Amino acid sequence: MKRLMSSVVLGCSMALFTGLAGAANGMVRSDRNFMEQAAQNGHAEVEAAKLAQSKSGNEKVKSFAAQMEQDHTKTNDELAALASSKNVKLPTEPSVVQKSKAKAMGALDGAKFDRQYADTMGVKAHEDTLKMFQKAASGAKDPDVKAFAAKTVPALEQHLKMSRDLRASLGK
């Protein structure tokens, strides 16, 4: 019984310490989660853009992808600097789910690839990412995280418009 109680106390102490360690650097979990998800999304955008530039034969797709690679690389670098200043370690690659979607997309060719890229990494990814950044811009607790999100929203809105235009140009 004593051993069980010691284990429970130790477990609770570790949980409390882990929780305080996160609070010690001033970051609430939701802000850290935002930064981690933003990093994964950014890496997914860059990798998909590189894939599109190498696979697509459509100049509009290649041009859009080049712009996405450039813009998201810049944003990824800004996010990495912010995370470093907050002692937050960010993922350095897309999530497993994002990687599997990219692999499936990479198996397509021609117009099918172009439409899938425009749908998945253009419209859908930017809709989701824009919502996430808008939420952080209005609700993040850390003022630097909030400012980063707010500063990035206009570019994401522009990317969404560009991706919708691209998708419309590709037809059915």
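The values are calculated or read from the model by the stated rules, or taken from the named source; none is laboratory data. Predicted, not measured: the structure shown is a model, and the values here were computed from it. Positions of Cβ are backbone-derived with ideal geometry, glycine not excepted, and every protein chain shown enters the neighbour counts. Please note that ligands, DNA and RNA were not included when accessible areas were found on the heavy atoms of the full protein model with its side chains. Shrake-Rupley method; radii C 1.70, N 1.55, O 1.52, S 1.80 Å.
Hey, which of these cross-link pairs are over 22 Å Cα-Cα: Lys74/Lys141; Lys99/Lys151; Lys62/Lys101? Don't skip to the end; give the middle numbers.
Working: Lys74/Lys141 24 Å; Lys99/Lys151 27 Å; Lys62/Lys101 19 Å.
With Cα atoms farther than 22 Å apart: Lys74/Lys141; Lys99/Lys151.
Quick check: at a probe of 1.4 Å, how many percent of the accessible area of the range 63-129 sits on carbon and sulfur atoms? Intermediate values should be presented prior to the final figure.
On the way: 1910 of 3610 Å².
Here it works out to 53 percent.
Per-residue Karplus couplings for the range 92-108, computed as 6.51 cos²θ - 1.76 cosθ + 1.60 with θ equal to phi - 60°, are listed in order as 10, 7, x, 5, 4, 5, 5, 5, 5, 5, 5, 5, 5, 5, x, 7, 8 Hz, Gly and Pro entered as x. With all protein chains kept in place, the per residue accessible area of the range 40-172 amounts to 54 square angstrom at a probe of 1.4 angstrom. All other residues whose Cβ lies under 14 angstrom from that of Ser169 are scored, Lys and Arg at +1 and Asp and Glu at -1, for a net of +3.
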